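Everything on this sheet refers to the single structure shown next.
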Amino acid sequence: MIVNGEEVTREIEGRLLLVHFLREELGLTGTHWGCDTSNCGTCVVWLDGEPVKSCTVLAAMAGGHEVRTVEGLERNGELDPVQQGFIACHGLQCGFCTPGMMMTARALLDRDPDPSEADIREAISGQICRCTGYATIVRSVQWAAATEAAK
Amino acid sequence: MQVPGQFEYQRATSVEHAIGLLDRLGDTARLVAGGHSLLPMMKLRLANFDYLIDINDLHADLGYITAEPQQIRIGAMTRHRELLESTSLKEHFPIFADAERVIADPTVRNRGTLGGSLCQADPSEDLSAVCTTLDASCVIQGSAGTRVVSMEDFHRGPYETAVGEAEMLIEVRFPLRPGGSSAYEKVERRAGDWAVVSAGAALWLRNGVISDARVGLAAVGPNTAGIPEISALLRGQEPSEELFEQAGDIAARSCEPATDTRGAEGYKRHLAKELTRRTLRKAVDRIGERAQA
């Protein structure tokens, strides 16, 4: 599969989940492994450009496809505006949900550069944050949208 | 850590290839589409197979929503998000968007499919109730060709369908009739959860009189069930609150809910009644809105 633009080849068991493949085979521990039941959304990565919960996707299913993880958000040493927004607006406290939140936020802004607060809340509704009450996450995504619009 | 039992992973490159693999491997094999029902069951070891046949590559062939004069055909690999965003379905069957908005969450909807939802045959599953409400039929392909079965015949019981060991659901067809609209309502314990009860309604008017109406309920029996008695009551009548009250009473009486962690039987009967009334009312309102537009 292609992970963050680089082709990787491994021999794996059929039952290996994508989240464990990324973390254990490739050492990409930015993607977190949370509830294991496709509820919490911290394991969200992109599969062919769409956010998916990688605890509910087999690594083999992603074979031959493109995967993008939180490590792939940064471009040429510069953090993605979404990442900058999470810093500027305190979009995280413990940081556990953050990789999934940012991957979903990036996908949302790519589809809709000017989302309403309701759009943002809907987009992240499959993800759970126990620290922020979501308010600062919404603000972080709005910051990223405004920053991108200003550019 | 939840991990499925060991299995051989196979990837189907065509419908015929998938059916050929099923034919050869028998009941030791299962198809996996979006995987958001099957993989959780495999992780809990409630489902164990020697072979898993991945059909996601068939999305190019089986991911479509095609409107024809008499029917809408939807490919079995069409994903929830595609159903939610389809302008054709919004126009003809607004019940789809109502239901899709409350099925799981946007990320899960990127993956899950119509065919997977129907083949899972969970009595609480919302798209099954939608298909029951819309009188859909299911196209099943095997090595000998295709056959078409109604939703009533498709679901044999909880987690059981008419799809044979070496067969595959490839398409769902929805008859198009003029003058109708539809709606879906669900009560859930928390966002994205399975339904405590949900109801779908589809209704057709001719000269202000109901020419046909259908109600489908989820989570109140072994399968999502249509209620013919309601259709019989409504046909030939003018829509009114009193009429929908009676329809709700029939829904409450004729479903078979069980008391469980999602709610008590009496509460579920109350919901069946209330949601039946609301969806019938909304379907009629939508016909009116469209006439004004």
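Here's the picture: charge each Lys and Arg Cβ at +1 and each Asp and Glu Cβ at -1 in the protein assembly as shown, and of B:Q246, B:L21, B:C119 the one pushed furthest to the positive end of that dipole is B:Q246. Between A:Q84 and B:E91, the modelled labels are 4.3 nm apart [label points 7 Å from Cα along Cα→Cβ]. Every Cα-Cα pair of region A:1-132 was included, and the share exceeding 26 Å stands at 18 percent. Annotation for the B:A interface, with buried accessible surface near 2300 Å², both sides summed [1.4 Å probe; non-protein components not counted]. Each semi-axis of the equivalent ellipsoid for the protein assembly as shown is √(5λ) with λ an eigenvalue of the Cα gyration tensor; in descending order they amount to 38, 28, 20 Å. Restricting attention to the protein assembly as shown, close to 85% of DSSP beta bridges with both partner residues there are antiparallel. Return one number: the angle in degrees, 0 to 90 and rounded to the nearest 10, between the long axis of the Cα atoms of helix B:15-25 and the longest principal axis of the Cα atoms of chain B. Approximately 60 degrees, to the nearest 10. Only loop residues by DSSP count here, and only those with at most 16 other Cβ atoms within 10 Å; note down the trypsin sites (Lys or Arg not before Pro) in region A:25-89 that meet that. For trypsin sites (Lys or Arg not before Pro) across region A:25-89 that sit outside H, G, I, E and B with at most 16 neighbouring Cβ atoms in 10 Å, the list is empty. Backbone phi angles across region B:7-14, fed through the Karplus curve with coefficients 6.51, -1.76 and 1.60 (θ = phi - 60°), yield HN-Hα couplings of 8, 8, 8, 10, 10, 7, 9, 7 Hz in residue order; Gly and Pro are listed as x.
With coordinates expressed along the principal axes, the C-alpha atoms belonging to region A:81-150 extend over 29, 23, 17 Å, beginning with the largest. Ordering A:A150, A:C89, A:H20 by the projection of their Cα atoms onto the charge dipole of chain A, which places +1 on the Cβ of Lys and Arg and -1 on the Cβ of Asp and Glu, puts A:C89 at the extreme positive end. Taking amide H as placed 1.01 Å from N in the peptide plane, the amide H of B:S124 sits under 5 Å from that of B:A219, each at least 5 places away or on another chain. Here region A:2-72 is treated with +1 on each Lys and Arg Cβ and -1 on each Asp and Glu Cβ, and its dipole about the Cα centre works out to around 220 debye. For peptide A:6-18, the mean count of partner chain Cβ atoms within 10 Å of a residue's Cβ comes to 3.
Across the alpha-carbon set of region B:63-175, the Rg to Rh ratio works out to 0.94, Rh being the Kirkwood radius.
Which residue, chosen from B:S88, B:Y64, A:Y134, occupies the Cα position most advanced towards the positive end of the dipole of the protein assembly as shown, where the dipole is computed from +1 (Lys, Arg) and -1 (Asp, Glu) charges on Cβ about the Cα centre? The one lying farthest along the dipole's positive direction is A:Y134. Where the centroid of each part is defined by its Cα atoms, how far is region A:91-139 from region B:123-137 in Å? Between the Cα centre of region A:91-139 and that of region B:123-137, the gap is 32 Å. The loop-placed GluC sites (Glu not before Pro) in region B:6-88, going by DSSP, include none that has at most 12 neighbouring Cβ atoms within 10 Å of its Cβ. Counting only alpha carbon atoms, the long axis of helix B:241-254 and the longest principal axis of chain B meet at about 40°.
What a 1.4 Å probe finds exposed on the protein assembly as shown is 47% carbon and sulfur by accessible area, rounded to a whole percent. Taken one residue at a time, the phi angles of region A:122-136 give Karplus couplings (6.51, -1.76, 1.60, θ = phi - 60°) of 5, 4, 9, 6, x, 10, 10, 10, 9, 9, 8, x, 6, 4, 6 Hz. Gly and Pro are set to x. Could you give the size of the charge dipole of region B:8-53 about its Cα centre, using +1 on the Cβ of each K and R and -1 on the Cβ of each D and E, expressed in debye and rounded to the nearest 20? Magnitude of the dipole: close to 220 debye. Evaluated with a Cβ-only charge set (Lys, Arg +1; Asp, Glu -1), region B:1-151 carries a dipole of roughly 240 debye about its Cα centre, given to the nearest 20. Peptide B:2-9 shows a mean partner chain C-beta count of 5 within 10 Å per residue C-beta.
For chain B, a Gaussian network of Cα nodes joined below 10 Å ranks B:M41, B:M77, B:M151 by mean-square fluctuation, and the top entry is B:M41. With a 1.4 Å probe and all protein chains left in place, how much accessible area per residue does region A:2-72 have, in Å²? On a per-residue basis, region A:2-72 sits at 38 Å². Computed from phi, the 3J(HN,Hα) profile of region B:87-102 under the Karplus parametrisation 6.51, -1.76, 1.60 (θ = phi - 60°) reads 6, 5, 5, 4, 6, 8, 9, x, 4, 5, 5, 3, 6, 4, 4, 10 Hz, with x in place of Gly and Pro.
The values are calculated or read from the model by the stated rules, or taken from the named source; none is laboratory data. Since the structure is predicted, the reported quantities are computational estimates derived from the model, not experimental observations. Counting neighbours? That spans all protein chains shown, and the Cβs are built from the backbone with ideal geometry, glycine included. To get the accessible areas, we keep the full protein, side chains included, count just its heavy atoms, and leave off ligands, DNA and RNA. Shrake-Rupley method; radii C 1.70, N 1.55, O 1.52, S 1.80 Å.
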